[in-house]
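Notes follow once the structure below has been shown.
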Amino acid sequence: MKSKDLIRFAASAIAAHPMRSALTSLGVVIGVAAVVMMTSIGLGAQQRVMSAISGLGSNLIIVSPAASRSGFAAQAAGSDISITGADAEAIAKQVEGVAAVAPTVRGQAQLASEGTNWNSRIEGVTPDYLVARDLTIGQGRMFDEREARQGRTVAVIGTTVARELFGDADPVGKRIRVGSSPFQVVGVLTSKGQSGFGQDQDDIVLGPLPAVRSRVVGRRVKGDTVQTIYIKAASEDDLSRVQEDATTLLRERHRIREGEDDDFQAQNMASILQASQAATATFTILLAAVAAVSLVVGGVGIMNIMLVAVTERTREIGLRMAVGAKRSDILIQFALESVALSLAGGILGLLIGIGGALLIAQLGSWPMAIPSWAAPLSLGFSMAVGLVFGAYPSWQASRLDPIEALRRE
Amino acid sequence: MIEVRDLKKTYQMGDETVAALAGVSLSFPRGSYLAITGPSGSGKSTLMNILGGLDRPTSGQYLFEDEDVSHLDDDGLAHFRNQRIGFVFQSFQLLPRYSALQNVELPMVYAGIEVKERRERAAEMLAKVGLADRRHHRPTQMSGGQQQRVAIARSLANHPDLLLADEPTGALDSSTGKDVMALFEQLNSDGLTVILVTHDANVAARARRRVGFRDGLIVSDEGAKS
Ligand SMILES: Nc1ncnc2c1ncn2[C@@H]1O[C@H](COP(=O)(O)OP(=O)(O)OP(=O)(O)O)[C@@H](O)[C@H]1O
Ligand SMILES: [Mg+2]
């Protein structure tokens, strides 16, 4: 007996009932499509979060007021913000291995220039902000320390703001209104495009911290307080030590005793990345588990139909044995049938899964991410499903007694 | 020479033991033509199944030329059926999904013969039984006599040493039955050993040797014993 003849027998049995075969495979089609789509969504989400986080800047530590004390209401009231420009200066002076420290306030403001309006984010920063956030100037220049201290109303704008307000004209030297205050544009940032979170990173205005605080976000940020301090470590090796030193320093400055909670939180990119990866990995595993369950359900469907087929074809089995089929020939023929049904379902499911993932990526402007192991894994899995769930019916077929089988009606 | 010695086949039915064969000894040389007759339930089919390697005796010996068939395992019996035996059933037992040609090919598939060769041989066998023009017909598209002839062609596919036919004309009308019998006689005169079970006295009368069964025993044995 040649293996290609066994394959031919299995194929002709499947082809004899096209509708039934299709319905039998459907469970596996759905299972595999679900696995592929789910893992692709999980991976896409992970990539999106990762690019979002790494887009913030490398070797970055973000210090913000403690979550517990700066709930939305508290922050809006401006009452409880705990970190200050003085904290930032202290970190810059006293912590070693720091490349840049950038205290920041931010708000939303209506911009206007020569009759054009645009609503954008505005951040009050120091020149070090560019270093901390890995930004560069495309045209013109960044304002300097002296301008910042003097409270000069100068601004650096992102390319989206430049386009919306000035079209193709050179914005450098032009005046814009931010809320009710006039600012002079001194530079344009190099475009950074969309962030992983879907935010346009070029839709931004940077102004000197004191000027922005007093003129734009003043009502919400009192005194010397800031909303965020970005600390850039000089190298990756310094990152965790800088974070520890900065935390110790801030606890001292805020007079927090041993055992008390911080009134601020410091997070570095590596730890955020890890946390989010762990979260998305859990999510992916969960989705894949749900999908795997549907694959098992598909397998049970195959087993059911294979048992029916063995009953229906008892006489055929008896006849095959009578003309010389070994028990193993019968076993393999039925196992092949079951694997072929399952594998066909797996291939179709893979295609549908990839198509679905593409569609979801399109609709959600999500990065398209089919894991490289999706194809071999889902095909391997569907083959295994066919084998496992086809094993019992095939074994039953092979154990039939030829005389009894031939007598069956 | 094919020989069975003191063949017994018993079935346990609850407390009762049913003896389908109660000690049958029979031997016949190559080229024999035997007709087995006897009332229903006398053990004719049971003997045929054992001779055909489909069943094993409870006790006794079965020697096929020099081979002791009683000691073959499942795979050994499958090979024996495939190579040595041609079986013709009362109910034809053709696979409905397959054409006449494919049905005839089947024993050759299990013999591992290449597609090209077995197509040719199957066509040849169909021609031999007078169905050259029906090779692509399915069983449902053929008459009973034609179906039985396809089954005979299939039984000849691997050039068997022994052709077993258990009431081959039982499902056919008398004139088609005669055609089929003529075919067996033709095959026998070409040298093939044929054993057939029949209820038809006329059919039995034409065989060179007639063996009568009753209650699992041979009660008569007439005709050439050479
Ligand atoms: N699987 C079985 N279990 C129990 N008894 C059986 C079995 N197979 C056959 N028998 C019994 O063995 C005896 C012989 O049966 P067998 O089929 O050989 O008869 P037969 O001579 O071919 O009859 P018929 O002419 O009706 O075909 C019968 O009494 C039958 O009931
Ligand atoms: Mg019988």
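The values are calculated or read from the model by the stated rules, or taken from the named source; none is laboratory data. Keep in mind it's a predicted model, so treat the numbers as computed, not measured. Glycine gets a Cβ as well: all are built from the backbone with ideal geometry, and neighbour counts include every protein chain shown. Side chains included, ligands, DNA and RNA excluded: accessible areas come from the protein's heavy atoms. Shrake-Rupley method; radii C 1.70, N 1.55, O 1.52, S 1.80 Å.
Computed values, structure above
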item: Nearest-10 value in Å² for the accessible area of A:E147, using the 1.4 Å probe; result: 10 Å²
item: 1.4 Å probe accessible area per residue over the range B:2-223, in Å²; result: 42 Å²
item: Two-decimal Rg/Rh across the range B:2-223, once Rg and the Kirkwood Rh are taken from alpha-carbon atoms; result: 0.97
item: Farthest toward positive dipole pole in the range A:132-217 [+1 Lys/Arg, -1 Asp/Glu at C-beta], among A:V156, A:I176, A:A211; result: A:A211
item: Cα centroid separation, the range A:155-196 to the range A:99-131 (Å); result: 10 Å
item: For the protein assembly as shown, share of DSSP beta bridges that run antiparallel, in % to the nearest 5; result: 70 percent
item: Loop sites in the range A:131-218: trypsin sites (Lys or Arg not before Pro), DSSP, at most 15 other Cβ within 10 Å; result: A:R141
item: Average silhouette area of the range A:81-262, convex hull of alpha-carbon atoms, in square nanometres; result: 11.2 nm²
item: Apportionment of accessible area to carbon and sulfur, the protein assembly as shown, percent (1.4 Å); result: 55 percent
item: Stretch gain in nm, segment A:R408-A:R175, where the contour uses 0.36 nm per residue and the Cα spacing is subtracted; result: 74.3 nm
item: Among beta bridges that DSSP assigns inside the range B:2-223, antiparallel share in %, nearest 5; result: 60 percent
item: Exposure rank, largest accessible area first [A:I229, A:I370; 1.4 Å]; result: A:I370, A:I229
item: Pairwise burial A:B, computed as accessible area of each alone minus the pair, summed, 1.4 Å, Å²; result: 2400 Å²
item: The range B:36-89: radius of gyration over Cα atoms, expressed as a fraction of 2.2 N^0.38 Å; result: 1.16
item: Relative intensity, log₁₀ I(q)/I(0), of the protein assembly as shown from a Debye sum that treats every alpha carbon as a point, q = 0.06, 0.09 Å⁻¹; result: -0.58, -0.81
item: Trypsin sites (Lys or Arg not before Pro), loop per DSSP, at most 13 other Cβ atoms within 10 Å - longest free stretch of chain B; result: B:31-224
item: Contact order normalised by residue count of chain B, Cα under 8 Å, 6+ apart, percent; result: 29 percent
item: Base-10 log of normalised Debye intensity for the range A:212-328 (one unit scatterer per alpha-carbon) at q = 0.17 Å⁻¹; result: -1.03
item: Lys, Arg +1 and Asp, Glu -1 on Cβ, resulting dipole of the protein assembly as shown about Cα centre, debye, nearest 20; result: 1320 debye
item: Shielded by partner chains, the range B:29-57 residues - at least 40 Å² of accessible area, 1.4 Å probe, vs chain alone; result: B:L54
item: Counting DSSP beta bridges with both ends in the range A:81-262, the antiparallel % (nearest 5); result: 75 percent
item: Where labels lie 7 Å past Cα in the beta-carbon direction, separation of A:V388 and A:A99 in nm; result: 4.9 nm
item: Sites B:N202 and A:R8 - FRET efficiency at Förster radius 51 Å, r taken between beta-carbons, to 0.05; result: 0.70
item: Solvent-accessible heavy-atom area per residue, rounded to whole Å², over the range A:216-323 at 1.4 Å; result: 51 Å²
item: Largest-first ordering by accessible area, 1.4 Å probe, given options A:I7, A:I360, A:I204, A:I14; result: A:I7, A:I360, A:I14, A:I204
item: Mean separation of Cα contacts under 8 Å, 6 or more apart, over the residue count of chain A: relative contact order %; result: 29 percent
item: Cleavage-rule hits, GluC sites (Glu not before Pro), the range B:46-126, DSSP coil, Cβ neighbours within 10 Å at most 12; result: B:E65, B:E114
item: For A:W118, solvent-accessible area (1.4 Å; no DNA, RNA or ligand), Å²; result: 70 Å²
item: Accessible area of A:S240 in the full protein assembly, 1.4 Å probe (Å², nearest 10); result: 70 Å²
item: Dipole magnitude of chain B, debye to nearest 20 (Cβ charges: Lys/Arg +1, Asp/Glu -1, about Cα centre); result: 680 debye
